[in-house]
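The values are calculated or read from the model by the stated rules, or taken from the named source; none is laboratory data. Bear in mind that the values here come from a model prediction, so they are computed numbers and not experimental data. In this analysis, Cβ positions are derived from the backbone assuming ideal geometry, glycine residues included, and neighbour counts consider all displayed protein chains. In case anyone asks, the SASA skips ligands and DNA or RNA and just uses the protein heavy atoms, side chains included. Shrake-Rupley method; radii C 1.70, N 1.55, O 1.52, S 1.80 Å.
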Amino acid sequence: MEVEISRRRFLQGSVAMTVVGGTALSTSNLLSSEHGGGEYKAASGMPESVTTKTGTGEAENVPFLCGICVNKCAGFARVENGVVTKLNPNPYFPKSRNMLCARGNAGIQTLYDPDRLKYPLIRIGERGDGKYKRVSWEEAYDAILNGTDKFKGLKQILDEEKDNRATIGYCNGEGLSKEGFEVLMGEKIGTPNYVDEVSICLETTLGGYFSTIGTYGEADLNNADYLIIAGANRAEAIITPDTMDLFKRSRGRGLKTIVLDPRFTNTAAKADRWYAINPGTDLAFVLALTYVAINENLYDKDFVTKHGVGFEDYKKHILSNKYTPEWAEKITNIPAKEIYKTAREFMAARSPIYYQGRRSVFSKNDFQLRRAMAIFQALSGNLDKKGGIVYGKKLSLPKEEINTPMYAQVKSRFDGKDIAIPSDKTGSWIQFRNMVLDGTAPYPVRAMFMRKHNPMSGVPNAKKTEEFLKKMDLNVMIDILPSDTTMFCDVILPEASYLERTSPVATYGGLEPAIVQRKAAIKPLFETKEPEVIYKELAEKLSKPLWEITKKYDEDVQDDIKGMSKDEEEKYYKENGFDLADAWEKPVYEANKEMVEATFGEEAWKILDEKGVYYPNMEKYHKQLNPNEFQYYPESKKNYTTQGDKLKVIINFKNLAKKGVDSMPTWHDEWNFSVPEGKFRLVTGRHAQFTQSGTTNNLMLRDLIPTNYLWINKRVADEKGIRFGDMVEVSSSVGKVQIKAYPTEKIAPNQVFMLHGFGGSSEAMEIAYGNGANDALIIEDKIEPVYGAAVMHETNVEIRKV
Amino acid sequence: MARYGMALDYKNCINCKACEVACKEENGVLLGADKHRIWVGVKEIEGEWPNLSIASSTFIPSQCQHCDNAPCQEVCPTHATYYDENNVVRVDSDKCILCSYCMNACPYDARYVDDRTMTVDKCTFCSDTRLARGETTTACQNTCPTKVRTFGDLDDPNSEISILLRTREHFSLKAHLGTKPKLFYLK
Amino acid sequence: MNIKDFITSIPVKKIGLKELLTPDNKLVGLAGFVLLFMYLYGALMALIHGHHAYGVTREHPWGLLIVMYIFFVGTSTGLAIVGSFGHIFGIKIFDRFGLRVTWLAIAMLLPGFAIILLEIGHPIRMIIYNMLSPGLTSAIWWMGTFYTLVLVFLIGEFIFGLIGDHKNSRLLGIGGLLADVAAFATLGSIFGYLVARPAVNGPFLPLYFILTATVAGSYLIFLVYGIMYKNNFPKDIEQMLTTLAKILGLLLAVLMFFDYWAILTGLYGRLPERADTILYILSTKSYWIGEILLGAVVPFVIILMSKGKNLGALVWASFFGLVGIFFMRYDMVHNAQVFPMQTMKIREYQLPPSIVEYSPSSTEWLIALGGIGLAILIYQIGVKLFDLEAHDEHH
Ligand SMILES: Nc1nc2c(c(=O)[nH]1)N[C@H]1C(S)=C(S)[C@@H](COP(=O)(O)OP(=O)(O)OC[C@H]3O[C@@H](n4cnc5c(=O)[nH]c(N)nc54)[C@H](O)[C@@H]3O)O[C@H]1N2
Ligand SMILES: Nc1nc2c(c(=O)[nH]1)N[C@H]1C(S)=C(S)[C@@H](COP(=O)(O)OP(=O)(O)OC[C@H]3O[C@@H](n4cnc5c(=O)[nH]c(N)nc54)[C@H](O)[C@@H]3O)O[C@H]1N2
Ligand code: SF4
Ligand code: SF4
Ligand code: SF4
Ligand code: SF4
Ligand code: SF4
Ligand SMILES: [Mo]
């Protein structure tokens, strides 16, 4: 008796009971006839059951790079009869070292998600109501260009805006095909108004480290002996290779680990000591560590003298401001004696690392925090060496030449207003959105082109994001799933998922650099297309009509082509990059081959093509040491030290002062942590079985962690009569959500925590819809002053049992 | 012919559940909260914030222990549960009558009912998938980010697991029951 | 005598529905049919949905059906034991049981089988592989084999009794008794062998099972005779029942003694899992009210106060006693599984496992209660078909 346990059955069964507000029914006609159609399944190469037992017969193993999160771990997809039955780790990639995490393993469920976008759609209802019509690709491109009776097309918009390309905004989440989208929108179509995940993720970390030590670097955790890891949860927020290296030597096995996190995480569970620091006060902690190191003369004087710029100023600054542990204790909630101990241990250690962290949009002082961390690291002298923060090397790939057109009418971006060092490339999501919304933008932004990004979940204050999207004349989305943001779009283009596409070769630097290629394991399912194909086709469609608009409004172009014949004009059009599609002449796979063969030789391409990974001398260097471990580079070939004398640590960064930013990390009292009586500080973050909002519809992962909960201190919960699983309402100044309670001692009495990425509002995502709470609805849209990056942990909330 | 076992460097475990997902995908295990061949146990943390006992919240990865003296095998009325040629405790789903005795007899909660065959299922050390194809690691070992698991032949003195067990101290779960587990937890 | 002749020599009366529903047992008969229908409906559900129709789980794989199985076969064993007092051990006063108790034992055994067939996921496979690859180390295998023998012996004993071959009937009765005691003791050992479950593990269970079986058998005898005579017993029956009551009193005393020590040794030393289970047991109403009060104390007090003579009260107490026995079986099965084998959290957002909960599904209830209907009907049919009243007279 074979029983097929369908998704629906699964929903009705074990998990349905935990779904808030009952079983999610797909009312959207996005899904229409798809569920349960046997014929349909057979036709589209879908597996017969949710999980497929791997067979013992013939199978193909295709090297791929995982696309479920930023890490891009390497794997081999096992393909049996055209169905991907298993994703196995790839032992050749030094960055991911023969591992796939839970999410990586569950990637099959994303590939075969029945809710996937399957064919192009155009909106026939109102924004957000989920009514779409299935169309051909050609019709979809046409709708983007010419609009429909429901929305305006790009041609009309650009005509009305007189070829001000900046009227188009675009955004893109992290990934291997991101660059192509930037080429299409930024370089070819020519808008400067780009935002992406950087300003809601790690901008301050990158900025802080680059401006101080010239790199973000790689923490050589395999050889370090002391680690302070603050505001980074490597056991749950997985970053390779750090996650793999860190925990093999923690807990008394060579790597003393000090964790700072307001809540007790799985990383804390592996620590020697955990300090429950007040949110947003890490800077005070680091300043106090620095105080001890300087005051007690524990730092590496030779190193600082040789590489430091402005150390004496800093010394004075730290000592005269009396950043003592006693001072920091009051701010951070960490006992002074613990700070003394940690500072002394750190400076005494052979190879201490203050881990850089990743997502850093926590508080307003984050840029200065990262600077202080980098400087403190430098004070130990453990930079650019084995066991320290290393610079590593990268195998460089030739830069692709883009024939970028120049548009005279295009206006410059505006979201740098009131921001000290605005990023010209990636901007500030919050500032950009808010200025468009409140009308302070100097010109109208009327269209959004989006890809692989879900700002309804990722950008604080989702209500505003919704209004922003509704304000647009045209929204286009390239996604694989009908995400919350997708539901506000007019044209939806279904992309092939990462297992169905070959991606441009990528290079990963560090101690053990390599290049990697993601190869399509199977052909794109349904009518989906690879992103590069979409870029090209869209470019082809838009190219000539937009050129006509340019000719109409662009005086420079008019001057240039005055008196040209048709052929000459065509030549001008092509030579000056106005032919938008010329950036995608070859399919990705062919372009990869050509480029790798030209750069590294034919043999390299063969290896890369077969194994998914290549680095010079790989055949010689790569060895299996035991069932679990591999050698990638011999010890002597690892890039521990690469900087030598050119290494500079900018301690006193005088240029910053000119921009109104402290030239040395300084504490300001307005940053002191406080929560009004009766309220709670809201903190958010990751879990090892989810990637932001991208995996909430993944059946396998949903099985592991059915929904998000609100962590609330157990004693506080007891007082309020809140028990495990009780529904509570969490409200802030910008919104409210309902979520189940998880009373625990792992969090402070005046703080609460929830996993990020849940609470989907798109009914077309059966599993994600209405499941848990979306933190973006309640996080206030604050920005930090240096880059305008989001500040996510400065929102206070009220809790009420419902 | 081998005597397969697994050594677990459990202190490495970060409770990421990659092993659980890999197992389900490799072996076609059904979804559902109680359908798992493998799991990671966590004790509720002791203490009050901020004074929590870090040691009290260790992660204990586990699965069928492939007991050398397996109660589940002893109690099975039809020999549906048996030792295969590699001393792996297996269930022959053609013989299993679903009397559930073995589920009650297993001290480790390693067994559950597979809804498709309506017979008892459990960890097989990937015998009918990976091992049958000649692979030498289990799905859970292979994928583990922190390399907690080492699978191998206990009878082969040169296998990595034999070396580990010779060179490192280890313990078994519920050893007092005399089940002689073949999962070994490295200290 | 060939088999055909032998079979035709068995005295049977032709009966119709009318006889089954004679005015005095109409209610019982009707109840029997309603319950039978419940069984059939439950069986249908079980056939359609398999184990999904039951409330059993990974942590609590045995449920109400096992409980009812034990209840029925245990009571059957008890009847065989009590029945043997006269028939086999020749205690004169118990001669009056005659074939009625043997038939009663059959009428309790068959529903037990009918229920276990639905509990086993693959009963046909069971029959095949019990023979093809017998698991000789399995208590379930032995129990199954013994009970098959029991059925054969009981039927044989009954038939030879009917045709008046008392010698063979007695021989088969002896065989039946031995098999029966072995079977139910083995059933006890099914739990006793569970090294994983310290609360039930050990040699004590088989003994306890035999003891409680005898108590249960006695209760049922009181109940059946009480209904049959509407509490208006002829002299010899009254004498017999009074004697049985005294024996029952003694058994109950032993049982309470057992319970007391089981609890005390269970708690002593606070062995983690065992003591936790005992503490849980002590916190349940089903233990105090069901097992202890109804199952033992009330009947015991009545017997003690009236020196076994207040049979009217005893019949009522027996009814409650049987309810108590049900709780005893339920608690036995449930408490064996109540301590989780997985004590850690295996999901991020869950409470740590504590006591394993179980509540029977409606299908399980239908089948369980339906089993009572089967018992009533089988008993009634036997009484009429073989004219057991007449046989009672003969003695
Ligand atoms: N499994 C999984 N892995 C992932 C991702 C995922 O979604 N899932 N996402 C990837 C991405 S895009 C990123 S950017 C990284 C993010 O990686 P991380 O930055 O390590 O992860 P987060 O969980 O966002 O935040 C880290 C921790 O900071 C704590 N925290 C909050 N405020 C403060 C504070 O003021 N001080 C200190 N010391 N701690 C604080 C939170 O409680 C949280 O535990 O993870 C990557 N890896
Ligand atoms: N409150 C709060 N907000 C946060 C964070 C937080 O911790 N808390 N974390 C921040 C961080 S660190 C980051 S990096 C951002 C991330 O924010 P986003 O970049 O928006 O990432 P996701 O939420 O994962 O959404 C990814 C989208 O890409 C789609 N997608 C997945 N694969 C593909 C593909 O192959 N092709 C295409 N075209 N689409 C695909 C998914 O369906 C989904 O809609 O969020 C930030 N926002
Ligand atoms: S960490 Fe996990 S999800 Fe991220 S790329 Fe690697 S395997 Fe995929
Ligand atoms: S994969 Fe490894 S680290 Fe992750 S839960 Fe399993 S054993 Fe632990
Ligand atoms: S762990 Fe349980 S299922 Fe596995 S061999 Fe031992 S008793 Fe049997
Ligand atoms: S459920 Fe199956 S495997 Fe388990 S004891 Fe019964 S027959 Fe054997
Ligand atoms: S050995 Fe194989 S079957 Fe057993 S838990 Fe690991 S992956 Fe699953
Ligand atoms: Mo991120």
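Mind counting the residues in the stretch B:62-81 that are at the interface with chain C (Cβ under 9 Å from one of its Cβ atoms) and not acidic (D, E)? It would help to see each step written out before you state the result.
At the first step, the residues of the stretch B:62-81 found to be at the interface with chain C (Cβ under 9 Å from one of its Cβ atoms) are B:62, B:71, B:73-81.
Subsequent filtering for residues that are not acidic (D, E) retains B:62, B:71, B:73, B:75-81.
So the answer is 10.
Take the residues of the stretch B:1-36 that are open to solvent by 20 Å² or more (accessible area, probe 1.4 Å) and at pLDDT 95 or above: which is nearest to the other protein chains (Cβ to nearest Cβ)?
Among residues in the stretch B:1-36 that are open to solvent by 20 Å² or more (accessible area, probe 1.4 Å) and at pLDDT 95 or above, the one nearest to the other protein chains (Cβ to nearest Cβ) is B:K11.
Return the total of residues in the stretch B:171-187 being out of contact with any helix residue (DSSP H, G or I) (no Cβ under 7 Å at 6 or more places or on another chain) and open to solvent by less than 70 Å² (accessible area, probe 1.4 Å).
From the stretch B:171-187, those out of contact with any helix residue (DSSP H, G or I) (no Cβ under 7 Å at 6 or more places or on another chain) are B:171-178, B:180-183, B:187; that's our starting set.
Subset that is open to solvent by less than 70 Å² (accessible area, probe 1.4 Å): B:171-175, B:177-178, B:181-183.
Result for the stretch B:171-187: 10.
Residues of the stretch C:341-352 being more than 7 Å from chain B (Cβ to nearest Cβ) and either polar (S, T, N, Q) or open to solvent by less than 20 Å² (accessible area, probe 1.4 Å) (or both), which ones?
C:T343, C:Q350
In this structure, does B:S57 turn out to be under 30 Å from B:C13 (Cα atoms), at pLDDT below 95 and more than 9 Å from chain C (Cβ to nearest Cβ)? Working first, answer last.
Numbers: under 30 Å from B:C13 (Cα atoms): yes; at pLDDT below 95: yes; more than 9 Å from chain C (Cβ to nearest Cβ): yes.
It is true that B:S57 is under 30 Å from B:C13 (Cα atoms), at pLDDT below 95 and more than 9 Å from chain C (Cβ to nearest Cβ).
Take the stretch C:142-158 and flag every residue that is farther than 14 Å from C:H87 by Cβ and open to solvent by 20 Å² or more (accessible area, probe 1.4 Å). Please lay out each step first, then the result.
To start, the set of residues in the stretch C:142-158 that are farther than 14 Å from C:H87 by Cβ comprises C:142-152, C:155.
Residues satisfying the conditions are C:W142, C:G144, C:T145, C:F146, C:T148, C:L149, C:L151, C:V152, C:I155.
Going by what's in this entry, would A:G208 be described as away from chain B (no Cβ under 14 Å) and away from ligand 2 (no atom under 15 Å from the Cβ)?
Values: away from chain B (no Cβ under 14 Å): yes; away from ligand 2 (no atom under 15 Å from the Cβ): yes.
Spelling it out, A:G208 is indeed away from chain B (no Cβ under 14 Å) and away from ligand 2 (no atom under 15 Å from the Cβ).
Can you run down the residue pairs with Cβ atoms below 7 Å, 6 or more apart or on separate chains, where the first is in the stretch C:86-106 and within 18 Å of C:G175 (Cβ to Cβ) and the partner is charged (D, E, K, R) and at pLDDT below 85?
C:G86/C:D95
Among the residues of the stretch B:113-128, is there at least one that is closer than 20 Å to B:A18 by Cα, at the interface with another protein chain (Cβ under 7 Å from one of its Cβ atoms) and within 16 Å of ligand 7 (Cβ to nearest atom)?
no
Does B:G41 satisfy the condition of being facing another protein chain (nearest Cβ under 8 Å), in a strand (DSSP E or B) and not hydrophobic (A, V, I, L, M, F, W, C)? So that I can check it myself, show each step before the final result.
Values: facing another protein chain (nearest Cβ under 8 Å): yes; in a strand (DSSP E or B): yes; not hydrophobic (A, V, I, L, M, F, W, C): yes.
For B:G41, the condition - facing another protein chain (nearest Cβ under 8 Å), in a strand (DSSP E or B) and not hydrophobic (A, V, I, L, M, F, W, C) - is met.
Determine, yes or no, whether A:N750 is within 18 Å of A:N796 (Cβ to Cβ), surrounded by fewer than 24 Cβ atoms within 10 Å (Cβ to Cβ), free of Cβ contacts under 8 Å to residues at least 60 places away in the same chain and not basic (K, R).
On the way: within 18 Å of A:N796 (Cβ to Cβ): yes; surrounded by fewer than 24 Cβ atoms within 10 Å (Cβ to Cβ): yes; free of Cβ contacts under 8 Å to residues at least 60 places away in the same chain: no; not basic (K, R): yes.
No: the conditions fail for A:N750.
Consider the stretch C:307-346. How many of its residues are out of contact with any Phe, Trp or Tyr (no Cβ under 9 Å at 6 or more places or on another chain) and within 30 Å of A:E745 (Cβ to Cβ)?
Total meeting the criteria: 3.
Where in the stretch B:62-158 are there helices (runs of 4 or more DSSP H), lying fully within it, with 3 or more residues that are touching a residue at least 24 places away in the same chain (Cβ under 8 Å) and farther than 30 Å from A:F93 by Cβ? Lay out the reasoning, then the answer.
Working: elements: B:71-75, B:101-105, B:139-143.
Of the helices (runs of 4 or more DSSP H) lying wholly inside the stretch B:62-158, those with at least 3 residues that are touching a residue at least 24 places away in the same chain (Cβ under 8 Å) and farther than 30 Å from A:F93 by Cβ span B:71-75, B:101-105.
Failed condition for C:G308, given (1) away from chain B (no Cβ under 14 Å); (2) over 12 Å from C:L252 (Cβ atoms); (3) modelled with pLDDT under 90, with all others met?
(2)
Would the stretch A:676-684 turn up any residue that is crowded, with 20+ Cβ neighbours inside 10 Å, assigned to a loop (DSSP other than H, G, I, E, B), of a type outside the set (F, W, Y) and in contact with a helix residue (DSSP H, G or I) (Cβ under 9 Å, 6 or more places away or on another chain)?
Scanning the stretch A:676-684 turns up no residue that is crowded, with 20+ Cβ neighbours inside 10 Å, assigned to a loop (DSSP other than H, G, I, E, B), of a type outside the set (F, W, Y) and in contact with a helix residue (DSSP H, G or I) (Cβ under 9 Å, 6 or more places away or on another chain).
Could you tell me which of the residues A:E780, A:E719, A:E794 is out of contact with any strand residue (DSSP E or B) (no Cβ under 6 Å at 6 or more places or on another chain) and either within 16 Å of ligand 7 (Cβ to nearest atom) or in a loop (DSSP other than H, G, I, E, B) (or both)?
On the way: A:E719 fails: either within 16 Å of ligand 7 (Cβ to nearest atom) or in a loop (DSSP other than H, G, I, E, B) (or both); A:E794 fails: out of contact with any strand residue (DSSP E or B) (no Cβ under 6 Å at 6 or more places or on another chain).
Every option except A:E780 fails the conditions.
Hey, among C:L267, C:L250, C:L220, which residue is more than 14 Å from chain B (Cβ to nearest Cβ), more than 28 Å from B:D109 (Cα to Cα) and either without any contact (Cβ under 8 Å) to a residue 24 or more places away in the chain or within 16 Å of ligand 7 (Cβ to nearest atom) (or both)? Can you show your working first?
Numbers: C:L267 fails: more than 28 Å from B:D109 (Cα to Cα); C:L220 fails: either without any contact (Cβ under 8 Å) to a residue 24 or more places away in the chain or within 16 Å of ligand 7 (Cβ to nearest atom) (or both).
Just one listed residue meets the conditions, C:L250.
Across the stretch C:70-98, which residue is modelled with the lowest pLDDT among those that are open to solvent by less than 10 Å² (accessible area, probe 1.4 Å) and aromatic (F, W, Y)? First the steps, then the outcome.
Taking the stretch C:70-98 and keeping what is open to solvent by less than 10 Å² (accessible area, probe 1.4 Å), we get C:70, C:72-79, C:82, C:84, C:86, C:94, C:97.
With the extra rule that they be aromatic (F, W, Y), the set shrinks to C:72, C:94, C:97.
Numbers: C:F72: 97, C:F94: 88, C:F97: 84.
Going through the qualifying residues, I end up with C:F97.
For residues that are open to solvent by 20 Å² or more (accessible area, probe 1.4 Å) and not aliphatic (A, V, I, L, M), scanning just the stretch A:202-214, find the one that is farthest from ligand 7 (Cβ to nearest atom).
Taking the candidates together, the pick is A:S211.
Kindly indicate whether A:S457 is buried (at least 24 other Cβ atoms within 10 Å of the Cβ) and among the hydroxyl-bearing types (S, T, Y).
Numbers: buried (at least 24 other Cβ atoms within 10 Å of the Cβ): yes; among the hydroxyl-bearing types (S, T, Y): yes.
It is true that A:S457 is buried (at least 24 other Cβ atoms within 10 Å of the Cβ) and among the hydroxyl-bearing types (S, T, Y).
Only one of A:G694, A:G721 is open to solvent by 10 Å² or more (accessible area, probe 1.4 Å) and within 11 Å of ligand 1 (Cβ to nearest atom). Can you tell me which? Don't jump to the end; show me each part of the working.
Numbers: A:G721 fails: within 11 Å of ligand 1 (Cβ to nearest atom).
Answer to the selection: A:G694.
Does C:W62 qualify as being in contact (Cβ under 8 Å) with a residue 12 or more places away in the chain, within 14 Å of chain B (Cβ to nearest Cβ), closer than 30 Å to C:L44 by Cβ and buried (at least 23 other Cβ atoms within 10 Å of the Cβ)? Break it down stepwise before answering.
On the way: in contact (Cβ under 8 Å) with a residue 12 or more places away in the chain: yes; within 14 Å of chain B (Cβ to nearest Cβ): yes; closer than 30 Å to C:L44 by Cβ: yes; buried (at least 23 other Cβ atoms within 10 Å of the Cβ): yes.
Yes, satisfied.
May I ask you to list the residues in the stretch A:215-240 that are surrounded by fewer than 24 Cβ atoms within 10 Å (Cβ to Cβ), more than 16 Å from A:N382 (Cα to Cα) and away from ligand 8 (no atom under 16 Å from the Cβ)?
Correct list: A:A230 only.
Taking A:T85 as meeting all but one of (1) assigned to a helix (DSSP H, G or I); (2) at the interface with chain B (Cβ under 9 Å from one of its Cβ atoms), write down the number of the exception.
The number of the failed condition is (1).
Looking at B:K24, B:K17, which one is on the phi < 0 side of the Ramachandran plot and either more than 16 Å from ligand 2 (Cβ to nearest atom) or of a type in the set (D, E, K, R) (or both)? Even if it seems obvious, please write down each step before you answer.
Numbers: B:K17 fails: on the phi < 0 side of the Ramachandran plot.
Going through B:K24, B:K17 in turn, just one is on the phi < 0 side of the Ramachandran plot and either more than 16 Å from ligand 2 (Cβ to nearest atom) or of a type in the set (D, E, K, R) (or both): B:K24.
Residues in the stretch B:97-115: is at least one open to solvent by less than 10 Å² (accessible area, probe 1.4 Å), away from ligand 6 (no atom under 16 Å from the Cβ) and among the small types (G, A, S)?
Within the stretch B:97-115, not a single residue is open to solvent by less than 10 Å² (accessible area, probe 1.4 Å), away from ligand 6 (no atom under 16 Å from the Cβ) and among the small types (G, A, S).
Considering A:I430, A:I419, which residue is within 30 Å of A:A219 (Cβ to Cβ), open to solvent by less than 40 Å² (accessible area, probe 1.4 Å) and assigned to a loop (DSSP other than H, G, I, E, B)? Give the steps one after another, and end with the answer.
Numbers: A:I430 fails: assigned to a loop (DSSP other than H, G, I, E, B).
Step by step, each of A:I430, A:I419 is checked, and only A:I419 is within 30 Å of A:A219 (Cβ to Cβ), open to solvent by less than 40 Å² (accessible area, probe 1.4 Å) and assigned to a loop (DSSP other than H, G, I, E, B).
Looking only at helices (runs of 4 or more DSSP H) that lie completely in the stretch A:539-623, which have at least 1 residues being farther than 23 Å from A:E401 by Cβ and free of Cβ contacts under 8 Å to residues at least 24 places away in the same chain? Let's see the steps before the verdict.
On the way: elements: A:555-561, A:566-575, A:588-600, A:602-611, A:618-621.
The helices (runs of 4 or more DSSP H) meeting that bar are A:555-561, A:566-575, A:602-611, A:618-621.
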